[in-house]
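What follows is a short report on a single structure.
The values are calculated or read from the model by the stated rules, or taken from the named source; none is laboratory data. This structure is a prediction, so every number in the text was calculated from the model and none was measured. Ideal geometry is used to build each Cβ from the backbone, glycine not excepted, and the neighbour counts take in all protein chains shown.
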Protein chains: 2
Amino acid sequence: MIESQADLHSLVEAFFSNSFSTDNPLITEAVRRMLAAGGKRLRPRTTLLAASACGADPREHLHLAAFMELIHVATLIHDDVVDRADTRRGVNATAVDFGNKISVLAGDYLFAWIFKNVTASYPAPIPHILSATLADICDGEVLQLRALGNLDVGVPDYIDVARKKTASLFAASAACGALAAGGDAASVEALRSYGEYFGIAFQMLDDLLDVCADEATIGKPVGNDLAEHKMTIPLILALRDGNANFSGLVERMYKQDDASVAGQILTTIRENGALDATRAQIAAHVDLALGALAPLGPSPAHAELIALATGLLA
Amino acid sequence: MIESQADLHSLVEAFFSNSFSTDNPLITEAVRRMLAAGGKRLRPRTTLLAASACGADPREHLHLAAFMELIHVATLIHDDVVDRADTRRGVNATAVDFGNKISVLAGDYLFAWIFKNVTASYPAPIPHILSATLADICDGEVLQLRALGNLDVGVPDYIDVARKKTASLFAASAACGALAAGGDAASVEALRSYGEYFGIAFQMLDDLLDVCADEATIGKPVGNDLAEHKMTIPLILALRDGNANFSGLVERMYKQDDASVAGQILTTIRENGALDATRAQIAAHVDLALGALAPLGPSPAHAELIALATGLLA
């Protein structure tokens, strides 16, 4: 039984290197480049650990796990078009190298290719879960776009968006791994729920790193979310706990498009307690993720799932 | 039994007016606007006629038929992003009114919504056929993009692209209608094949109208395909049967980006026999479509399918 995180990561990498190709060389190249640029493969690892926690050999579910990463890759390819981002994970975005036209089509083709393969190989409800998840991701992205620059967005609105745009795919990754392994209904729901809470905490950590990490660590410029006028969790908490002067600064940047105050906003977020408040929110969701795992019996995979979630607290 | 074309059109329109909505109001609005802009609803009509030709009541398959039009609408929404088109069917493109970001997400959401509903309601192999069809459409669009400005593209290459990008959805519309109606394997294949040949002829007619219709009829500027450096069937045939002087003109426009010769190219296509050669290609594919229907017994729906195909000869 292989289930240490390092082993699973190697399995997934080997699968992508050796097995991934589509009928369209240009699309295959675009996808391979996104995969080669790195990433922690957290979604496929969640699938493999969920399958293992339900008693299956994770090596039998590599294809299913790979589809989870590929859904993520397809959304990243489209996100590059959407945001006109110049870099993604430190390499040129697909849209920059191949043009917007190819990026839209490559993402569409990849979604279609995934569903073509999933509908050919996996029984209900797995194809339905994956298409519902993609709908959730898009819905969440649209909600996030509409919330750009809206200083009234609160923590519950934020969590609703994070659940849809990020956590839904972690929830599906875990649930489908459990389903493919023949897990019982309680185990499937426990793992789905784990994935959902894990995903919310993961998105919160991503937001946190945007205001307090350095570019080399996160592979994109610090303060990138602020520059895009996103309502991130540290900003929402800083606004909630801050004074009128801080709200005024954010209004200048988000409503009057004055980017010159970005540094002041970053400094205030770092100093007014918003980072600790964000860490508390992350810890609360990690706790919920761990609590969700309670119905599962002990196993090495169970322990790895716990380690994956507590890793977000580092 | 309702199966005249006018009746089916009304049924489909009523379904879209009364029943279509998604959980996301902005996406619902974007889709409704595309639907309200018109269109002949040929894909859903093909589904309903195929179901009827296999002995079913078409009214029982309105949802399935609607999904075919919605796949088409989703590709149009993404095509607007891709081509930066300003108008589509005479109204503003989604991308113009809502922005590229929303257009990419609205198309993605619509694809996901369709698959979510199809996987919930229709047995194998219908979900698989639809996802394979979407992969074909994207593959065909990428092939077409790569063929832009390539004067060596011949009729077989053209037909390969048309089969994927346009005919695959007509083939799937007909095959899924037959499958949902419980048609036998021979009828399903007859109708799939009809849809494929119909779709190729339909794409050829679309190309023909671009060089010989007027803007009011086709809802977009005449010569639009030429302006995009597309290798259309009239152009391919005009090059095949034309002289070196004509090839030189096309090279000036397609390779040196000199749009001033567009009028001369259009005039030559209209005068060197390419329009008649295109009509002959359309007629040949209409004949193949009619031949494909041969295994089906006579029925009013069968007669309507014949009328739909011969209508491309008008």
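Within the range B:240-273, the residues that satisfy the criterion of being assigned to a helix (DSSP H, G or I), under 19 Å from B:ARG146 (Cα atoms) and not charged (D, E, K, R) are B:VAL250, B:MET253, B:TYR254. For A:SER52, the conditions (1) modelled with pLDDT of 85 or more; (2) under 23 Å from A:LYS165 (Cβ atoms) all hold with the exception of (2). In summary, B:LYS101 fulfils each of the numbered conditions (1) assigned to a helix (DSSP H, G or I); (2) surrounded by fewer than 24 Cβ atoms within 10 Å (Cβ to Cβ); (3) at pLDDT below 90; (4) more than 9 Å from every other protein chain (Cβ to nearest Cβ) with the single exception of condition (4).
Sort through A:MET68, A:MET34 and tell me the only one that's modelled with pLDDT of 90 or more, more than 14 Å from chain B (Cβ to nearest Cβ) and under 18 Å from the mean Cα position of the chain (by Cα).
None of the others qualify; the one that does is A:MET68.
Yes/no per residue for (1) over 28 Å from B:GLN144 (Cβ atoms); (2) facing chain B (nearest Cβ under 8 Å); (3) out of contact with any helix residue (DSSP H, G or I) (no Cβ under 6 Å at 6 or more places or on another chain); (4) crowded, with 22+ Cβ neighbours inside 10 Å:
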{"site": "A:GLY107", "(1), (2), (3), (4)": "no, yes, no, yes"}
{"site": "A:TYR122", "(1), (2), (3), (4)": "yes, no, yes, no"}
{"site": "A:ILE126", "(1), (2), (3), (4)": "yes, no, no, no"}
{"site": "A:CYS138", "(1), (2), (3), (4)": "no, yes, no, yes"}
{"site": "A:LEU148", "(1), (2), (3), (4)": "yes, no, yes, no"}
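Only one residue in B:LEU145, B:LEU76, B:LEU169 is closer than 28 Å to B:HIS285 by Cα, part of a helix (DSSP H, G or I) and at pLDDT 95 or above, so which one is that?
On the way: B:LEU145 fails: at pLDDT 95 or above; B:LEU76 fails: at pLDDT 95 or above.
Step by step, each of B:LEU145, B:LEU76, B:LEU169 is checked, and only B:LEU169 is closer than 28 Å to B:HIS285 by Cα, part of a helix (DSSP H, G or I) and at pLDDT 95 or above.
Checking B:ALA284, B:ALA244, B:ALA289 one by one, the residue that is surrounded by fewer than 15 Cβ atoms within 10 Å (Cβ to Cβ) and under 30 Å from B:SER52 (Cα atoms) is B:ALA284 and no other.
Scanning the range B:149-206 for residues that are small (Gly, Ala, Ser) and either assigned by TED's automatic domain parsing to the domain that holds B:ALA50 or closer than 21 Å to B:GLY223 by Cα (or both) gives B:GLY149, B:GLY154, B:ALA162, B:ALA201. The criterion of at least 1 residues that are free of Cβ contacts under 8 Å to residues at least 12 places away in the same chain is met by the following helices (runs of 4 or more DSSP H) wholly inside the range B:1-69: B:5-19, B:25-36.
Annotation note: of A:ILE282, A:ILE236, the sole residue that is within 16 Å of A:GLN203 (Cβ to Cβ) and in contact with an Asp or Glu (Cβ under 9 Å, 6 or more places away or on another chain) is A:ILE236. Please go through the range A:169-186 and pick out each residue that is crowded, with 24+ Cβ neighbours inside 10 Å and either within 21 Å of the chain's Cα centre (by Cα) or closer than 13 Å to A:PRO125 by Cβ (or both). Across the range A:169-186, the qualifying residues are A:LEU169, A:PHE170, A:ALA171, A:ALA172, A:SER173, A:ALA174, A:ALA175, A:CYS176, A:GLY177, A:ALA178, A:LEU179. Take the residues of the range A:150-159 that are part of a helix (DSSP H, G or I) and more than 14 Å from the chain's Cα centre (by Cα): which is farthest from the other protein chains (Cβ to nearest Cβ)? For the range A:150-159, the residue satisfying everything is A:VAL155.
Could you check, for the range B:217-236, whether at least one of its residues is outside any helix (DSSP H, G or I), hydroxyl-bearing (Ser, Thr, Tyr) and not assigned by TED's automatic domain parsing to the domain that holds B:ARG59?
yes
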